[in-house]
Amino acid sequence: MEWKLVAALLAGYGFLKEIRPSEPYITQFLTGPDKGFSAEQVNQQIYPVSTYSMLALLIVIFLVTDYLRYKPVIVAQSVSAVATYCMLAWCRGLAVMQFMEVLYGLMWAADVAYFTYMYAKVSRSHYGTVSATARVGYLLGRCGSGVLSQVAVSFDLLSLLALQYVTLGASVAATVFALALPGVSTSFYFHKRTGDVGSPDVPDPEAKPAADADATVVQLLWSDCREAFTQMSVVKWSLWWALATAGQMMVLSYVQILWQAAADESGSSEKLWNGAVEAVYTLLGAGAVWLTTRKKDYSAVGDALVGVWSLAAGTIVTLAARSRSMAVQYVTYVAFATSYNAAITVAYSEVAKRVREDAHALVFGINTLGALLVQTLLTFTVAGEGGLELDIRTQFTIYGSYFIAIGLAFLVVFVVSQVRRRCRGVAQGYEDNK
């Protein structure tokens with residue numbers, strides 16, 4: 001029953017790696033007395049670095065994860081987390097914080113190994129159970145982290161610096177779980193399994209020369225990619241996935257700066273409720289994801305669904321950009337993040353059901369890479385040094401307009417497809433009556 005051990009270790013690792021109580025208040029920490037950066041430095045010189053590093057590192061990790069067979073990349077993720085929070089706790093200076101963001105980018109990019117390890121390690125009959133168990137651990141960790149940070153800040157139990165130490169301790173514990181994960185002897189491309197699909201650890205008895213093996217891998221990658229992206233439904237869902245995820249990552253990356261600006265402008269002396277908001281949206285997001293499973297097929301209404309969601313998301317983000325009320329800021333964030341979790345889950349499902357199981361990691365990786373390319377362009381243009389370097393409220397106005405444009409585009413596609421379908425139906429009826 002090795003799959004049960006794998007499920008338990010993945011859940012434990014996911015739980016511990018998400019115990020980051022310092023995250024909801026990271027902007028406040030960086031702009032506070034511990035680090036002393038200005039909001040403009042954080043917005044334009046520190047945060048953008050993680051976006052650029054994610055893009056560069058995701059390409060590398062995407063190529064080596066399959067070759068290294070997952071576990072080394074997961075260990076690298078946990079070690080980079082330890083290094084990240086060591087630097088946050090004990091280091092100062094702009095250059096050091098920018099390097100810290102590079103490590104943070106590695107930590108994020110390596111998630112591709114965490115989410116695909118289980119599919120290479122366990123048999124397909126256990127995919128659902130192991131995936132659900134790992135997801136539960138991840139959500140519990142994220143929710144618990146938000147509650148812990150809020151309680152610590154609201155009751156003055158821990159300083160923001162002390163929260164860095166708690167996060168560091170959880171990262172060290174996560175590293176232990178990463179090291180305990182069983183190794184993987186096969187992978188989807190470089191170490192192809194043979195024989196029974198229910199026995200993933202059967203090695204290939206027909207060893208091939210390295211050059212032939214590399215050529216075979218390239219052929220497999222190209223074949224899977226071509227098979228997936230010649231389907232118009234996969235192209236549409238993947239395009240929305242990449243565009244929406246890029247916008248969502250921009251909102252999540254910079255929303256704390258917007259909250260800090262709203263708090264400063266309103267003159268509020270109350271403690272921020274960032275941690276509680278993270279916990280609430282995690283729980284509501286989990287519920288929203290569950291609701292999406294009630295409908296099995298979204299193919300007929302997919303364009304309309306993502307179009308309406310994108311319009312709503314754009315409206316919500318635009319409202320947040322203009323409001324000075326912290327209550328409005330928090331409510332709009334929860335609504336945006338919760339609905340995104342539901343919509344992206346539908347996109348995952350609709351893409352996954354149309355591609356081969358062995359190609360899931362490839363297609364998901366390509367879509368994530370596309371999202372990072374768009375996010376990098378947005379970051380450089382809107383927020384980063386050398387671009388427009390806009391203030392935070394103008395940035396969020398642009399993000400809102402971005403989502404509205406996506407929504408209008410997909411609704412136009414939906415209307416055109418419906419008109420064409422009706423016209424074909426009328427034409428067919430006319431031919432039948434002749």
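Readers should treat all values here as calculations from the given coordinates under stated rules, not as data from a laboratory. Owing to the predicted nature of the structure, the values given are computational and were not obtained by experimental measurement. Glycine also receives a Cβ, built like all others from the backbone with ideal geometry; neighbour counts cover every protein chain displayed.
Quick notes on this one:
- Dimensions (Å) - region 271-339, Cα atoms, principal axes, largest first: 45, 24, 9
- Expected-Rg normalisation [2.2 N^0.38 Å, Cα atoms] applied to region 1-85: 1.40
- Convex hull of alpha carbon positions in region 241-373: directionally averaged projected area 8.6 nm².
- Sites excluded, GluC sites (Glu not before Pro) in DSSP loops with at most 16 other C-beta within 10 Å, longest stretch of the chain: 1-205
- Charge dipole (debye, nearest 20) of the chain; +1 at Cβ of Lys and Arg, -1 at Cβ of Asp and Glu: 1000 debye
- Panel order for K121, K271, by other beta carbons found within 10 Å of each beta carbon, from fewest to most: K271, K121.
- Positive end of the dipole of the chain (Cβ unit charges, origin at the Cα centre): among V346, G183, T394, the Cα lying farthest that way belongs to V346.
- For region 63-133, size of Cβ-based charge dipole, Lys and Arg +1, Asp and Glu -1, in debye: 200 debye
- Averaging 1/r over each pair of different alpha-carbon atoms in region 303-434 and inverting the result gives 17.5 Å, the Kirkwood hydrodynamic radius.
- Karplus-derived HN-Hα couplings along region 233-248 (A = 6.51, B = -1.76, C = 1.60, θ = phi - 60°), whole Hz, x at Gly and Pro: 5, 5, 4, 5, 5, 5, 4, 5, 3, 5, 5, 5, 5, 4, x, 4
- Rg/Rh for region 120-165, where both radii come from Cα atoms and Rh is the Kirkwood radius: 1.29
- Of the residues A110, F364, L55, the one whose Cα sits farthest toward the positive end of the charge dipole of the chain, with +1 on the Cβ of Lys and Arg and -1 on the Cβ of Asp and Glu, is F364.
- At q = 0.12, 0.25 Å⁻¹ the log10 of I(q)/I(0) for region 349-410 amounts to -0.46, -1.01, computed by Debye summation with a single uniform scatterer per C-alpha, solvent ignored.
- Here the mean projected area of the convex hull built on the C-alpha positions of region 37-147 is 8.1 nm².
- Note that the chain shows a convex hull volume over its alpha carbon atoms of 167 Å³ per residue.
- Normalised contact order of the chain, rounded percent, pairs of Cα under 8 Å and 6 or more residues apart: 23 percent
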